[in-house]
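> Please find one structure pasted underneath; my questions will follow.
The values are calculated or read from the model by the stated rules, or taken from the named source; none is laboratory data. Computed from a predicted structure; not experimentally measured. Note: ideal-geometry Cβ built from the backbone for every residue, glycine included; neighbour counts use all protein chains shown. Note: accessible area is taken over every heavy atom of the protein model, side chains too, but ligands, DNA and RNA are not part of it. Shrake-Rupley method; radii C 1.70, N 1.55, O 1.52, S 1.80 Å.
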Amino acid sequence: MPRWFIIMLRLAAALRPATRLRRRLSLAAAPTQLDGYWTRQIENLRRPAAQALSDRLATNALGFPHDSLDKPPANGRKTLLLETLEWKLEHPTKVLLVRVGEFYEAWGVDATLLVEHCGLNPMGDKVRAGCPWRNLQQTLDGLTRNGLTVAVYEERFCADPRRKKERYLAQVVAPGASTYVQNQALSRNDLEWRCEGPQFVASAVGESGASVICLDVDARTACVYDSLTPDGCRAAVSARGGAAAPAFYFDCKASGSKAQEINRRNAAKRNALALVDDRERLDDDRAVRLEDPGTTEGRVRLFAEEVARSVLCVEDPLSFAEEVRVSTPRTQRPLFASTARDVGLADDELVPALVPRLLPSRGARAASQRFLRRWLLAPPSEQPATAMRSLLSALLDEACPPLPLDDAPNLPRQKLVRLLAEKEANALLFRDAHRASVACRQAISEAPSSISRPLLELLDASEAGGVFSLEGDDLVDAAARLEGVISSVVSIDQDDAVSSSDRLPAAFIERNEVFRGVVLRDHRPEVRDAYARVDACLTELENAVAEFPDGDDVLYDVANNVVCLRGAPSGDEVAPRDRFRQPLPRRRTSQRALDANDAYCAACSDASLVVRASLRELSETVYSQHLDTAVACISVCECGAAALDHAEASREKGWSLPASGKTLTLKGLTPFWLDRGSSVPNDVSLASGQMAFLTGPNASGKSTLLRSTAAAALLGASGLCAPISEGTVPHWDGILLRHATGDAPLYGKSSFEREMDAVAQLFRECSPDSLVLVDELGRGTSSTEGAAIGGAVLDELTDRKMRGVFATHLHEILEEDSRDDVKKWRMGGNHSCDEGVCVDSLALDAAVAAEVPSRIVERAALTLGRDVPSVQQDEVDLLASAFDALSDQGLVPETLPRDKAPPPRLIGTSCVYAFSTSDGLYVGETDSVRDRLKKHGRTYDIGDALVVTVKDKSAARKAEATALKKLQALGVPLLSTSDASNVHFGGAS
């Protein structure tokens with residue numbers, strides 16, 4: 001390739017970003033109908049294909065370059081593009097997806113965003129993109145996860161394919177309501193539901209603090225939090241899944257100057273925007289102002305009506321707002337965002353996830369994961385926590401009988417309510433609702449009172465509570481009525497299979513008879529008559545096909561929904577018609593078969609309409625008369641199934657259920673993400689108003705102890721099991737775990753500024769009834785100033801009678817003041833905690849272990865006046881660790897000197913052996929220790945060895961794995977670790 005050509009290519013690549021920038025600037029400067037909302041979206045494009053499309057955007061509202069959009073045709077005919085342009089002007093900040101045959105298509109800016117966020121490719125050489133109808137929800141997820149709202153336009157059915165198709169706005173899909181629910185009634189597949197998405201949020205700032213309303217559009221509920229600080233608002237919103245744009249805020253009229261009114265409005269706007277993006281930008285157009293009506297009910301009604309009108313484009317916003325039910329959560333203060341992140345309740349790849357550790361290793365239901373995550377993010381008040389503790393205590397009892405809740409369906413409450421409200425519930429959903437009702441009724445009426453009573457108390461404390469009594473009789477009766485209503489229409493047990501035929505392709509019948517197996521054939525005359533017409537038309541079609549010449553295979557044309565033969569028609573044969581009523585080439589059939597085909601398809605279409613009408617009628621009945629019952633049954637099943645899964649996991653992992661008490665006592669505490677058998681247990685005890693000062697070397701486990709304490713305290717206060725042998729846990733009004741953090745350039749915060757923000761939050765939000773765990777405070781500044789601030793914070797915590805742990809490397813805090821009123825804890829090299837103070841952080845040892853260049857370590861040691869530490873552990877210490885790891889299993893190791901051969905009694909005997917080298921400790925198992933040690937001698941410079949005999953190969957493998965896990969937990973350098981993962985031992989019996 002010529003050099004000049006390569007230079008031109010590089011020059012073009014270098015000039016392309018500048019060309020794109022000039023294009024965007026000119027697009028912004030020119031007269032345009034394109035809404036300014038899209039400017040930020042275009043500037044943030046990252047995918048090259050999307051960037052290439054953005055260079056070709058036009059200045060009309062769609063951004064699609066086409067002559068008909070800039071100059072409408074003289075004949076006045078309204079094309080699809082012109083209709084789409086009108087819809088875009090009506091919904092300027094929504095992405096439009098328009099049904100065109102088998103695809104949903106978009107043009108201009110909307111097509112560019114589909115390419116950017118959904119991984120789609122442009123259609124041809126135009127600024128146009130789309131997705132097949134089967135991939136619609138996947139495409140919508142790609143858009144809504146990036147904060148975009150989508151308006152979906154569907155085609156209206158028309159019997160004459162030659163007429164222009166009419167289209168209508170079917171649904172607006174937004175981040176706060178991200179599932180497309182249209183045309184689901186006759187679907188044979190279960191609709192996947194995204195339950196953890198953000199909700200629409202409105203805030204109000206008053207003299208008593210801030211209020212937050214979280215609107216769950218799918219569940220038709222509004223959760224109200226009152227008297228919160230700004231930090232509390234963010235924690236409440238985070239516990240509900242986050243906030244979806246736009247941000248709504250209430251602005252009340254009050255006396256004062258114009259400047260005071262502007263300041264008050266800006267404060268309310270800042271608080272609302274901070275809930276959405278935490279940036280507090282006053283110039284952001286995503287903040288919607290609402291006139292404050294002054295009451296909670298009025299706020300919810302106005303907020304829901306505005307969301308329905310401006311975001312979801314609901315036809316009747318007033319009716320939508322009236323359907324929304326208000327609930328005040330019976331929880332304590334929502335978990336602080338920093339605590340949720342550090343205990344594994346928020347997405348952080350560096351922190352072990354907590355919820356999966358609360359559930360069985362065999363895999364748990366998605367409903368259980370959702371329940372436990374919500375339960376911990378918004379910790380329950382004392383009464384629900386006590387009920388959960390009582391329920392788990394009964395489930396952990398060996399005498400606990402089998403419960404029907406173990407087979408409860410995974411039916412999210414939001415999914416049930418939304419599909420019923422939209423009259424799009426299918427047979428699968430009704431069957432799940434029926435199963436949930438049966439499971440709930442049996443659990444309440446047949447289970448022991450030690451199980452049924454806590455379940456009813458937990459139901460009463462949930463968002464579905466307040467409807468049924470704590471006795472449960474009314475819920476049992478209501479569940480029986482709900483089951484009767486559903487089973488009178490939907491086929492629960494019997495399977496009305498699709499018709500079968502020896503002459504017709506199975507795919508043809510399966511496609512047309514989508515109504516089969518949905519409702520009972522005899523539940524109403526219209527359905528029975530529709531089924532009879534389908535059966536008659538199918539018989540006629542089979543008879544017509546039977547007249548086809550022998551030997552010809554009957555084909556099914558999927559695109560045109562017709563059965564026919566291959567080849568051109570001859571004689572009395574005719575060509576079948578396509579969906580545009582044109583003859584199909586190289587296809588033939590008889591006139592009788594063609595008429596029977598059309599009649600059968602029409603009968604199936606009519607039957608589908610009748611069955612769909614039955615389902616819609618049932619949806620309306622359940623929604624208007626039995627919704628409270630259905631939601632209550634689902635809540636009982638979800639709570640009970642989560643408790644069952646957690647009890648099974650606790651037995652499996654060896655966790656215990658802490659009691660409620662005034663003193664925090666955690667005996668045998670281990671990290672929740674580690675196996676208890678391979679972890680070093682610690683005891684934690686803190687009385688009311690007591691602080692502990694924790695010191696220890698680097699990598700000794702200080703942060704691990706704090707994270708483990710926070711998780712156990714949270715689990716115990718929420719009525720759940722914790723990784724302890726026994727203990728008592730008070731009921732907290734808040735748990736604050738603050739680990740060291742870095743800077744945040746996006747928000748203009750240095751690492752020390754973020755530390756001070758955390759300190760301010762600590763004293764603003766916490767009380768003597770809180771648990772405060774502070775790690776590495778003051779490391780973002782000089783050690784002198786850090787020690788001064790850390791000591792002052794510790795003193796203030798003590799003065800305020802706070803309870804918690806203050807972990808630090810700043811030993812200077814104790815130099816001027818011994819602080820005798822604070823407990824002194826220290827971490828040892830084996831991750832164990834005892835009383836005392838550690839004044840050596842062993843930083844040089846950590847540097848050597850990390851393989852920092854030796855010159856750097858030597859220079860640091862010279863500055864400190866110390867010797868350079870050795871990375872190797874003494875050989876005797878290594879063998880002593882191996883001796884302890886084997887002795888703890890009840891085994892008696894013996895020493896084999898390096899210069900002597902093993903005694904004859906060890907030949908052919910299963911045993912575990914260990915030896916040390918300059919690089920670490922080796923532990924293995926064998927049936928021939930002499931040959932194995934001789935083989936190792938060719939690779940390692942080994943000294944004395946330890947050996948212990950066991951009864952068989954299985955026992956040797958088990959002892960080896962247990963010893964390796966123990967040594968790993970102690971931090972012993974090992975040369976053999978792969979066998980530590982063995983969990984199954986023994987052979988066939």
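> Within segment 233-255, track down each residue that is modelled with pLDDT of 80 or more and of a type in the set (G, A, S).
A235, A236, S238, A239, G241, G242, A243, A244, A245, A247
> Looking at segment 427-445, which of its residues are surrounded by fewer than 19 Cβ atoms within 10 Å (Cβ to Cβ) and either out of contact with any strand residue (DSSP E or B) (no Cβ under 9 Å at 6 or more places or on another chain) or assigned to a loop (DSSP other than H, G, I, E, B) (or both)?
Passing the criteria: L428, Q442, S445.
> Working carefully through the options L674, L627, L644, L669, find the one that is touching a strand residue (DSSP E or B) at 6+ places or on another chain (Cβ under 8 Å), surrounded by 18 or more Cβ atoms within 10 Å (Cβ to Cβ) and touching a residue at least 24 places away in the same chain (Cβ under 8 Å).
Among L674, L627, L644, L669, only L669 is touching a strand residue (DSSP E or B) at 6+ places or on another chain (Cβ under 8 Å), surrounded by 18 or more Cβ atoms within 10 Å (Cβ to Cβ) and touching a residue at least 24 places away in the same chain (Cβ under 8 Å).
> So if I check each of V822, V837, which one is at pLDDT 85 or above and either open to solvent by less than 70 Å² (accessible area, probe 1.4 Å) or of a type in the set (S, T, N, Q) (or both)?
Residue meeting the stated conditions: V822.
> Name the pairs: first residue in segment 777-801 and assigned to a loop (DSSP other than H, G, I, E, B) and among the charged types (D, E, K, R), second residue at pLDDT 85 or above and open to solvent by less than 50 Å² (accessible area, probe 1.4 Å), Cβ to Cβ under 7 Å, at least 6 apart or on different chains?
Listed pairs, sorted by first residue: K801/G689.
> Go through segment 937-959 residue by residue and tally those that are part of a helix (DSSP H, G or I) and either open to solvent by less than 20 Å² (accessible area, probe 1.4 Å) or in contact with a Phe, Trp or Tyr (Cβ under 7 Å, 6 or more places away or on another chain) (or both).
The qualifying residues number 5.
> Go through segment 930-968 and count every residue that is closer than 14 Å to L906 by Cα and of a type in the set (S, T, Y).
Counting residues in segment 930-968 that are closer than 14 Å to L906 by Cα and of a type in the set (S, T, Y) gives 1.
> Answer yes if at least one residue in segment 195-210 is out of contact with any Cys (no Cβ under 9 Å at 6 or more places or on another chain), open to solvent by less than 10 Å² (accessible area, probe 1.4 Å) and either of a type in the set (S, T, Y) or part of a helix (DSSP H, G or I) (or both), and no otherwise.
no
> Shifting gears a bit: Quick check on segment 566-595: of everything there that is among the basic types (K, R) and either closer than 19 Å to G551 by Cβ or surrounded by 11 or more Cβ atoms within 10 Å (Cβ to Cβ) (or both), which residue is modelled with the lowest pLDDT?
For segment 566-595, the residue satisfying everything is R579.
> Could you check, for segment 341-364, whether at least one of its residues is over 23 Å from the mean Cα position of the chain (by Cα), among the small types (G, A, S) and open to solvent by 10 Å² or more (accessible area, probe 1.4 Å)?
No: segment 341-364 contains no residue that is over 23 Å from the mean Cα position of the chain (by Cα), among the small types (G, A, S) and open to solvent by 10 Å² or more (accessible area, probe 1.4 Å).
> When you look at P569, is it touching a strand residue (DSSP E or B) at 6+ places or on another chain (Cβ under 7 Å), over 20 Å from R521 (Cβ atoms) and in a loop (DSSP other than H, G, I, E, B), yes or no?
yes
> Quick one: what pairs do we get from segment 51-73, first residue under 16 Å from A111 (Cβ atoms), second assigned to a helix (DSSP H, G or I) and among the basic types (K, R), C-beta under 8 Å, 6+ apart or different chains?
Q51/R20; S54/R20; S54/R23; S54/R24; D55/R20; D55/R23; A61/K88; L62/K88
> Looking only at segment 521-530, decide whether some residue is on the phi > 0 side of the Ramachandran plot and not acidic (D, E). Before you say what the answer is, go through the steps one by one.
Filtering segment 521-530 for residues on the phi > 0 side of the Ramachandran plot gives none.
The answer is no, given that none of the residues of segment 521-530 is on the phi > 0 side of the Ramachandran plot and not acidic (D, E).
> If E424 satisfies all but one of (1) open to solvent by less than 50 Å² (accessible area, probe 1.4 Å); (2) assigned to a loop (DSSP other than H, G, I, E, B); (3) touching a Lys or Arg at 6+ places or on another chain (Cβ under 7 Å), what's the number of the condition it fails?
Unmet for E424, out of (1) open to solvent by less than 50 Å² (accessible area, probe 1.4 Å); (2) assigned to a loop (DSSP other than H, G, I, E, B); (3) touching a Lys or Arg at 6+ places or on another chain (Cβ under 7 Å): (3).
> Let me ask another. In the set P448, P454, which member is in contact (Cβ under 8 Å) with a residue 40 or more places away in the chain and either surrounded by fewer than 20 Cβ atoms within 10 Å (Cβ to Cβ) or of a type in the set (F, W, Y) (or both)?
P448 is the lone residue from the list that is in contact (Cβ under 8 Å) with a residue 40 or more places away in the chain and either surrounded by fewer than 20 Cβ atoms within 10 Å (Cβ to Cβ) or of a type in the set (F, W, Y) (or both).
> Show me the strands (runs of 3 or more DSSP E) found entirely inside segment 669-742 where at least 1 residues are under 25 Å from the mean Cα position of the chain (by Cα).
Hits in segment 669-742: 734-738.
> Which condition breaks for D598 when tested against (1) under 15 Å from P549 (Cα atoms); (2) at pLDDT 90 or above; (3) of a type outside the set (S, T, N, Q)?
(1)
> If you don't mind, there's one more thing I want to ask. From (1) within 24 Å of A222 (Cβ to Cβ); (2) without any contact (Cβ under 8 Å) to a residue 12 or more places away in the chain, pick out the condition that doesn't hold for A399.
Condition not satisfied by A399: (1).
> If you go through segment 513-530 one residue at a time, do you hit one that is open to solvent by 20 Å² or more (accessible area, probe 1.4 Å), within 30 Å of F468 (Cβ to Cβ) and out of contact with any strand residue (DSSP E or B) (no Cβ under 6 Å at 6 or more places or on another chain)?
Yes.
> Further, regarding this structure: For segment 218-237, give me each residue that is among the hydrophobic types (A, V, I, L, M, F, W, C) and either more than 18 Å from the chain's Cα centre (by Cα) or open to solvent by 10 Å² or more (accessible area, probe 1.4 Å) (or both).
Taking segment 218-237 and keeping what is among the hydrophobic types (A, V, I, L, M, F, W, C), we get 219, 222-224, 228, 233, 235-237.
Across segment 218-237, the qualifying residues are A222, C223, V224, L228, C233.
Rundown of residues vs (1) under 37 Å from the mean Cα position of the chain (by Cα); (2) modelled with pLDDT under 75; (3) open to solvent by 60 Å² or more (accessible area, probe 1.4 Å); (4) over 30 Å from S881 (Cβ atoms), yes/no style:
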residue	(1), (2), (3), (4)
Y747	yes, yes, yes, yes
E765	yes, no, no, yes
D769	yes, no, yes, yes
A788	no, no, yes, yes
K801	no, no, yes, yes
V805	yes, no, no, no
E812	no, yes, yes, yes
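> Answer with yes or no whether A603 is open to solvent by 20 Å² or more (accessible area, probe 1.4 Å) and not acidic (D, E).
Values: open to solvent by 20 Å² or more (accessible area, probe 1.4 Å): no; not acidic (D, E): yes.
Spelling it out, it is not the case that A603 is open to solvent by 20 Å² or more (accessible area, probe 1.4 Å) and not acidic (D, E).
> If you don't mind, there's one more thing I want to ask. Looking only at residues that are touching a Phe, Trp or Tyr at 6+ places or on another chain (Cβ under 7 Å), aliphatic (A, V, I, L, M) and not in a loop (DSSP other than H, G, I, E, B) in segment 162-190, which one is most open to solvent (accessible area, probe 1.4 Å)?
Checked segment 162-190; the qualifying residue most open to solvent (accessible area, probe 1.4 Å) is L169.
> Mind telling me which of the residues L372, L396 ends up being out of contact with any Cys (no Cβ under 6 Å at 6 or more places or on another chain), open to solvent by less than 20 Å² (accessible area, probe 1.4 Å) and not polar (S, T, N, Q)?
L372
> For segment 107-129, give me each residue that is on the phi < 0 side of the Ramachandran plot and open to solvent by 10 Å² or more (accessible area, probe 1.4 Å).
W107, E116, H117, C118, L120, N121, P122, M123, D125, K126, R128
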